[in-house]
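Laboratory data are not the source of any read-out in this text; all were calculated from the coordinates shown. As the structure is a computational prediction, the values presented were derived from the model and not from experiment. Note: ideal-geometry Cβ built from the backbone for every residue, glycine included; neighbour counts use all protein chains shown.
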Amino acid sequence: MPGRLSFDRVAAIYDETRSLAPRAMARVLAALVDELHGKRVLEIGVGTGRYAVPLQKSGIRVIGVDISRKMVEIGLAKGLRDVVFADAARLPFRSKSFDVATTNHVLHLISDWRDVLMEIARVTRETYFTVIERSDRIDTLKREYDALVKGAGYVWSHPGLHEKDLPGLLKPDFIMPVGPFRETLLADATLDELDRRTYSSQWDVPDEIHRKAMEPLRAKWRGKEIQWSYTLEVTFWRSERLLEIATSQRP
């Protein structure tokens, strides 16, 4: 399946490296349960069910789509139900089968993300939403790592578009802020994530470049704390408006 990045290789550690803090996740889920009550929801890139499992347990009907069997296996063990293995750009559903659709940290992995938005517009009657983080953190360690490997000659970019960039292309119809939150993070935890190549942008970095990038990062950040303030925005668009992005951004 060209132009797709499967997360099979990091399925076992995905939840521990991508999950929101429990307090923040509880607040987002509470807002979503109220908003989605009585709706039929499609989640593209359902993965381990970070959102789908608690929503399903709260009585929301969520149908998940994914290409990673290992990610979904972890979700099934957590209680995930109703998953279809399918290409998000060619959804196996009739038009207007769902009331609401969502993607979260997915579109940047798909080169034909415009076709995914077109499919969402086709199968969804009402709205599309995504959860976007707005923070004062600049992902310092990750950005420093990327700069170091780029300086060593390795350049890579995701094939698609990050959901956080969608509002810049099309003004949302509704934004539901959740937060703010403050956390103290241990730099050592992020250093370990980087060392394990947790992030998709690291997967093809040559071993020697990766090793040399980690050395100065560990020397600089080992044992330190990072203060982090952020707000989460549950961002909604009327589904038919996604066609404006899908058609206007084609090269």
Subject >> Two-site label geometry, ARG143 and SER97: point separation in nm, points 7 Å out along Cα→Cβ >> reply: 4.1
Subject >> Debye log10 I(q)/I(0) at q = 0.16 Å⁻¹ for the range 8-248, Cα point scatterers >> reply: -1.27
Original post:
Among LEU185, TRP237, GLN202, which residue has its Cα positioned farthest towards the positive end of the charge dipole of the range 8-248, with +1 placed on the Cβ of Lys and Arg, -1 on the Cβ of Asp and Glu, and the dipole taken about the Cα centre?
Top reply: TRP237
Subject >> Out-of-range pairs (alpha-carbon distance over 30 Å; input LYS39/LYS78; LYS171/LYS220; LYS39/LYS164; LYS39/LYS142; LYS57/LYS164; LYS150/LYS220) >> reply: LYS171/LYS220; LYS39/LYS142
Subject >> Share, in percent, of DSSP beta bridges within the chain that are antiparallel, nearest 5 >> reply: 55
**OP:** Would you list the membrane-span-like helices of the chain, meaning whole DSSP H runs whose alpha-carbon atoms span at least 18 Å along their axis and whose mean Kyte-Doolittle value is at least -0.5?
**Re:** 22-36
Original post:
Based on the Kirkwood radius over alpha-carbon pairs, what is the Stokes-Einstein translational diffusion coefficient of the range 74-160 at 4 °C with 1.567 mPa s viscosity, in µm²/s?
Top reply: 81
**OP:** DSSP loop (so not H, G, I, E, B), at most 13 other Cβ within 10 Å: list which trypsin sites (Lys or Arg not before Pro) in the range 170-251 pass both filters.
**Re:** ARG196, ARG222, LYS224
**OP:** Considering Cα pairs under 8 angstrom that are at least six residues apart, work out the relative contact order of the range 8-248 and quote it in whole percent.
**Re:** 22
Original post:
Placing +1 at every Lys and Arg Cβ and -1 at every Asp and Glu Cβ, with all other atoms neutral, what dipole size does the chain have around its Cα centre, in debye to the nearest 20?
Top reply: 300
Original post:
So how far apart, in nm, are the two label points at ILE209 and VAL155 if each is 7 Å from Cα heading toward Cβ?
Top reply: 1.1
**OP:** Give the shape of the range 106-147 as rounded, prolate or oblate, defined through the alpha-carbon gyration tensor: a ≥ b ≥ c are the square roots of its eigenvalues, a/c under 1.5 means rounded, and otherwise the shape is prolate if a/b is larger than b/c and oblate if not.
**Re:** oblate
Subject >> Paired Rg and Dmax values of the range 203-251, which use every Cα atom, in angstrom >> reply: 20.6, 50
Subject >> Structure-based [θ]222 nm, the chain - -39500 (n - 2.57) summed over DSSP H runs of at least 4, per residue, nearest 500 >> reply: -10500 deg cm²/dmol
Subject >> Farthest toward positive dipole pole in the chain [+1 Lys/Arg, -1 Asp/Glu at C-beta], among LEU169, ALA219, VAL33 >> reply: VAL33
**OP:** Have a look at SER135, HIS105, GLY79 and report the one farthest towards the positive end of the charge dipole of the range 8-248, computed about the Cα centre with Cβ charges (Lys/Arg +1, Asp/Glu -1).
**Re:** GLY79
**OP:** Return the ratio Rg/(2.2 N^0.38 Å) for the range 29-137, where Rg is computed over Cα atoms only.
**Re:** 1.02
**OP:** May I ask you to list the chymotrypsin sites (Phe, Trp or Tyr not before Pro) in the range 85-133 that are in a DSSP loop and have at most 15 other Cβ atoms within 10 Å of their Cβ?
**Re:** none
**OP:** Could you tell me the distance between the Cα centroids of the range 21-46 and the range 160-182, to the nearest Å?
**Re:** 15
